[in-house]
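Colleague: First, the structure itself, so that you have it in front of you.
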Amino acid sequence: MSMKACIGTEDGKVTLGSLPKPQVGPKQILVKVFAAAQNPPDWYLLERRTSTGAVIGCDFAGIVEEIGSDVPAGVRKKGERVAGMIRGGVKDQWHGTFAEYCLADAELAVSLPDNLGFEEASSLGMAAFTACQVLWQNQKLPTPEKPQSFPILIWGGSSTVGQYTIQLAKLSGLQVITTASSKNHDLLKSLGADAVFDYREQDVSLKIREFTENKLAYAIDCVSEGDTPKHVGDSLGEDGGHVTVLLPVQVPREDVTSEFNLVMTLFGEAYIVPPHSLPAHPEHYDLAKKWVKLMSEQLASGYLKTVPVKVVPNGLADVMKWLEYHRLGKVSAEKIVYRISDTP
Ligand SMILES: NC(=O)c1ccc[n+]([C@@H]2O[C@H](COP(=O)([O-])OP(=O)(O)OC[C@H]3O[C@@H](n4cnc5c(N)ncnc54)[C@H](OP(=O)(O)O)[C@@H]3O)[C@@H](O)[C@H]2O)c1
């Protein structure tokens, strides 16, 4: 049986084509994808020609249709509503989620409550797992089981990663200071942010430094482009600190360490996709399984809110147009989502 799929082409673009429905592997689930969400790496991989011939996309929400032979009993149910991320869009290795079906790690799918739409749930994937990684794996900050209160700066709080990081940092008891355009301040406060600053103001770092009484020591740069590493560094207190960056950049301040975090290590296997060459970290996979449980519980309780979504018309027919929209920086506090059944 064949399926519609959005496939990378040799010129770094995509075409809507047809591919065989994938065969489930022993530790995987086959998911009928209802909605797929877009992330910046979707176009990074296309630009580097890494996606040529592969289905693009990393985030999905849909229904479990088949379960692999080695998946432990009780982990998954056929017909279950799930969401998550995969390593999509890498030729000769992984097909992606911008298709009618995708394969996912059976243990890394988040169970969805009945009242959460697939469109909203598709936004969880890469962003929510990145949020868990930066807080509890990279920065080793307090977990929800042992909350503590001290300030953390989440630069770019209205980004998808930022919105999930704010909510999870609050679950750990932290005091969240964040930045966004002023039109998004109310949204970030509704997610729990304690203080929101407009990053377009010239003296924003000084204001954050004053607000935190020159003591801020932890930050996550959810933009990591242009002048954001400098602004983040300038916001930290007199003793310096530690910044997690999401692109390979450095904070230009000697008493501040910058550490690049790549969500692709989540699967516990090596990630060798130029320019990245990361060894396997089985312990990251163990942590990710805990986070899956946490996310499922926090969605069910109503604490964890998904980000606002922009469901674009025509399903997968205009992906190139929406990748360009995203690449040009037009996305503001929203996730671009494709409803697969809308594809002509
Ligand atoms: N390393 C990894 O594993 C990993 C994983 C996921 C994403 N990423 C990277 O993380 C970044 C965020 O990804 P995303 O999908 O969450 O992004 P996104 O949702 O597309 O980000 C859009 C947001 O960025 C904000 N923004 C833009 N410039 C800003 C600035 N100078 N200061 C503060 N905020 C600014 C905008 O805020 P306003 O609209 O409020 O102005 C907008 O809401 C991207 O660079 C992405 O490539 C890395």
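The values are calculated or read from the model by the stated rules, or taken from the named source; none is laboratory data. For clarity, every value in this text was computed on a predicted model and none was experimentally measured. Cβ: placed from backbone, ideal geometry, glycine included. Neighbour counts: every protein chain shown.
Colleague: If you check every pair at least six apart or on different chains, which have Cβ atoms under 9 Å apart with a residue in the range 117-134 that is within 9 Å of the ligand (Cβ to nearest atom) first and a residue that is of a type in the set (K, R) second?
Modeller: Close Cβ pairs (under 9 Å, with a partner that is of a type in the set (K, R)) amount to A127/K335.
Colleague: I'd like the residue in the range 40-81 that is in contact with a Leu (Cβ under 6 Å, 6 or more places away or on another chain) and not aromatic (F, W, Y) and, out of all such residues, is farthest from S332 (Cα to Cα).
Modeller: This residue is E66.
Colleague: Only residues in the range 159-178 that are farther than 17 Å from K310 by Cβ and free of Cβ contacts under 8 Å to residues at least 24 places away in the same chain count as the first member; pair them with residues that are surrounded by fewer than 22 Cβ atoms within 10 Å (Cβ to Cβ) and among the small types (G, A, S), Cβ under 7 angstrom, at least 6 apart or cross-chain, and list the lot.
Modeller: Correct list of pairs: K170/G192.
Colleague: Considering each of Q133, Q167, Q139, Q163 in turn, give the residue that is within 14 Å of the chain's Cα centre (by Cα) and more than 19 Å from V196 (Cβ to Cβ).
Modeller: Numbers: Q167 fails: more than 19 Å from V196 (Cβ to Cβ); Q139 fails: within 14 Å of the chain's Cα centre (by Cα); Q163 fails: more than 19 Å from V196 (Cβ to Cβ).
Just one listed residue meets the conditions, Q133.
Colleague: Continuing with this model, one more query. Is there a residue being surrounded by 15 or more Cβ atoms within 10 Å (Cβ to Cβ), part of a loop (DSSP other than H, G, I, E, B), out of contact with any Lys or Arg (no Cβ under 9 Å at 6 or more places or on another chain) and among the acidic types (D, E) anywhere in the range 62-80?
Modeller: Yes, that holds for at least one residue.
Let's see how each residue does on (1) more than 12 Å from the ligand (Cβ to nearest atom); (2) without any contact (Cβ under 8 Å) to a residue 60 or more places away in the chain; (3) in the same structural domain as N184 (by TED's automatic domain parsing); (4) under 18 Å from the mean Cα position of the chain (by Cα):
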{"position": "H284", "(1), (2), (3), (4)": "no, no, no, yes"}
{"position": "V292", "(1), (2), (3), (4)": "yes, no, no, yes"}
{"position": "M295", "(1), (2), (3), (4)": "yes, no, no, yes"}
{"position": "V311", "(1), (2), (3), (4)": "yes, no, no, yes"}
{"position": "L316", "(1), (2), (3), (4)": "yes, no, no, no"}
{"position": "M320", "(1), (2), (3), (4)": "yes, no, no, no"}
{"position": "R327", "(1), (2), (3), (4)": "no, no, no, yes"}
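Colleague: Does the range 259-276 contain at least one residue that is away from the ligand (no atom under 13 Å from the Cβ), surrounded by 17 or more Cβ atoms within 10 Å (Cβ to Cβ), of a type in the set (A, V, I, L, M) and at pLDDT 95 or above?
Modeller: no
Colleague: Which of the residues belonging to the range 284-305 are polar (S, T, N, Q) and in contact with a strand residue (DSSP E or B) (Cβ under 8 Å, 6 or more places away or on another chain)? It would help to see each step written out before you state the result.
Modeller: Of all residues in the range 284-305, those polar (S, T, N, Q) come to 296, 298, 301.
Matches in the range 284-305: S296 only.
Colleague: Quick test of your reading of the structure: T257 fulfils all but one of (1) assigned to a strand (DSSP E or B); (2) closer than 30 Å to G88 by Cα. Name the failing condition by number.
Modeller: Only one criterion in (1) assigned to a strand (DSSP E or B); (2) closer than 30 Å to G88 by Cα is unmet by T257, namely (2).
Colleague: Take the residues of the range 189-200 that are more than 11 Å from the ligand (Cβ to nearest atom) and under 21 Å from P229 (Cα atoms): which is surrounded by the most Cβ atoms within 10 Å (Cβ to Cβ)? Walk me through how you get there before you give the answer.
Modeller: Step one: of the range 189-200, the residues more than 11 Å from the ligand (Cβ to nearest atom) are 189-195.
Okay, now just the ones that are also under 21 Å from P229 (Cα atoms), so 193, 195.
Working: A193: 26, A195: 18.
It comes out as A193.
Colleague: Take the residues in the range 210-236 that are free of Cβ contacts under 8 Å to residues at least 12 places away in the same chain and more than 20 Å from S149 (Cα to Cα), then tell me which one is surrounded by the most Cβ atoms within 10 Å (Cβ to Cβ).
Modeller: Out of the qualifying residues, it is D227.
Colleague: Quick check, is R339 out of contact with any Cys (no Cβ under 9 Å at 6 or more places or on another chain), more than 16 Å from the ligand (Cβ to nearest atom) and basic (K, R)?
Modeller: Yes, satisfied.
Colleague: Right, here's the next one. Please give the number of the condition L116 fails out of (1) closer than 28 Å to S182 by Cβ; (2) over 16 Å from the mean Cα position of the chain (by Cα).
Modeller: Only one criterion is unmet by L116, namely (1).
Colleague: Among the residues of the range 10-29, what is the count of those that are within 23 Å of M264 (Cα to Cα) and either hydroxyl-bearing (S, T, Y) or within 21 Å of the chain's Cα centre (by Cα) (or both)?
Modeller: Start the filter on the range 10-29 by keeping residues that are within 23 Å of M264 (Cα to Cα), which leaves 12-14, 22-29.
Those still in the list that are either hydroxyl-bearing (S, T, Y) or within 21 Å of the chain's Cα centre (by Cα) (or both) too: 28-29.
Count: 2.
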